[in-house]
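Inspection log for the structure reproduced underneath, given as C-alpha cells.
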Amino acid sequence: MKTSAQELKPTGHVINGVNVEDVIGLIDDIGRNIKYAKTQFRARNSWVNGGVNQSEVKGFYACCQEDNSRNKAFELRNDEPLFLAGEDKAPNPVEYVLHALAGCLTTTMVYHAAVQGIEIEAVESSYEGDLDLRGIFGLSEEVRKGYNKVRVKMRVKSKASAEELTTLAMFSPVYDIISKSLPVSFILETH
C-alpha cells in the first residue's frame, strides 16, 4: 500500500480526527518542492539533581522555515525508579522511548488511515521493553546497553484488516529509529 499525492483526493472533511485536506496539501507541497520535506525537531536538556533532568521542546524547522508558533516550551521531566536510586517522580528515559513509540505508531497509523479513507473507532496498545542492567553498569561487554527486545501489542477497532493497518503503522518514524540503527553525532565539551 502506497500513499502518494497522485492517489489521494482532498475530501474536505475530517476522518479519525485528522483534517485530511491539510495532510494532502502538505503532501502536494512536498511533491512540488522537496525542500518542504526537510524538518528538524529540537530539545534542550538540563540536569536538575540525581536522576532528574528536564527537557524543553519548543522551536522546530518545517516547510522551509523556522516555526515559532508555540508560545511556550513543552517541559518534560524524567527521573529513575527507586531501585535505580531515583526518586520515581517521573518516567525514566527508556520509558519515554516506549511512550514515543506508542504515540508514533498510533498517530502514524491513524493519519495514514484517514488519508486512505479508512475509519478507526478505537486503538489500544501495550509496550514492553526488555533491558539487562549489566550493559548499563558496564558489567558485561556482551550485553547491549539499551533494550534488547521491544514487544508491541495493538488492538484496533476498524473495518480495515490487521495487515492493512500494520502496513500503515510501519510508516512510523519512531518505529524506524528504534528498529534500525542510525548515526548519532555526539560532542561533549567541558567548561
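No lab work stands behind these numbers, since they all come straight from the coordinates. Remember, it's a predicted structure, so these values are computed and weren't measured experimentally. Note that we place each Cβ from the backbone using ideal geometry, even for glycine, and neighbour counts take in every protein chain shown.
For region 23-111, applying the loop criterion from DSSP together with a ceiling of 15 other beta carbons within 10 Å to the trypsin sites (Lys or Arg not before Pro) yields Lys38, Arg42, Arg70, Lys72, Lys89.
Show me the trypsin sites (Lys or Arg not before Pro) within region 134-187 that DSSP assigns to loop and that have at most 16 other Cβ atoms within 10 Å of their Cβ.
Taking region 134-187 and a limit of 16 other Cβ atoms within 10 Å, the loop trypsin sites (Lys or Arg not before Pro) found are Arg144, Lys145, Lys159, Lys180.
Built from the Cα atoms of the chain, the convex hull projects on average onto 14.4 nm², one quarter of its surface area. Among the GluC sites (Glu not before Pro) in region 10-108, those placed in a DSSP loop whose Cβ has at most 14 other Cβ atoms within 10 Å are Glu87. With each label modelled as a point 7 angstrom along the Cα→C-beta vector, the Asp88-Lys153 pair spans 2.4 nm. Its Cα centre serving as origin, region 68-191 has a Cβ charge dipole (Lys and Arg +1, Asp and Glu -1) of approximately 260 debye. Between the residues Ala62, Ile177, Asn16, the greatest Cα displacement towards the positive end of the dipole of the chain, with unit charges on the Cβ of Lys, Arg, Asp and Glu, is found for Ala62.
Based on C-alpha pairs under 8 angstrom that are at least 6 apart in sequence, the chain has a relative contact order of 17 percent. Dipole magnitude for region 42-81: about 120 debye, using +1 per Lys or Arg Cβ and -1 per Asp or Glu Cβ, origin at the Cα centre.
Cβ crowding within 10 Å, taken as a proxy for footprinting-reagent exposure, orders His13, His112 from fewest neighbours to most as His13, His112. The angle between the Cα long axis of helix 93-116 and the main principal axis of the chain comes to about 0°, on a 0 to 90 degree scale.
With neighbour counts taken as other beta-carbon atoms within 10 Å, the residues Ser161, Ser181 rank, fewest first, as Ser181, Ser161. For region 150-176, list residues with backbone N below 12 Å from a point placed 7 Å from the Cα of Val57 toward its Cβ? Hits in region 150-176 for Val57 at 12 Å: 174. For region 36-98, the spread of Cα positions along the three principal axes, ordered from largest to smallest, is 46, 22, 13 Å. May I ask for the angle, rounded to the nearest 10°, between helix 20-32 and the longest principal axis of the chain, with both axes built from Cα atoms and the value confined to 0 to 90°? Taking Cα atoms only, the helix is inclined about 90 degrees. Fraction of C-alpha pairs exceeding 17 angstrom in region 72-159: 63 percent, rounded to a whole number. By the Cα gyration tensor, region 74-123 has an equivalent ellipsoid whose semi-axes, rounded to whole angstrom, run 33, 10, 8 from largest to smallest.
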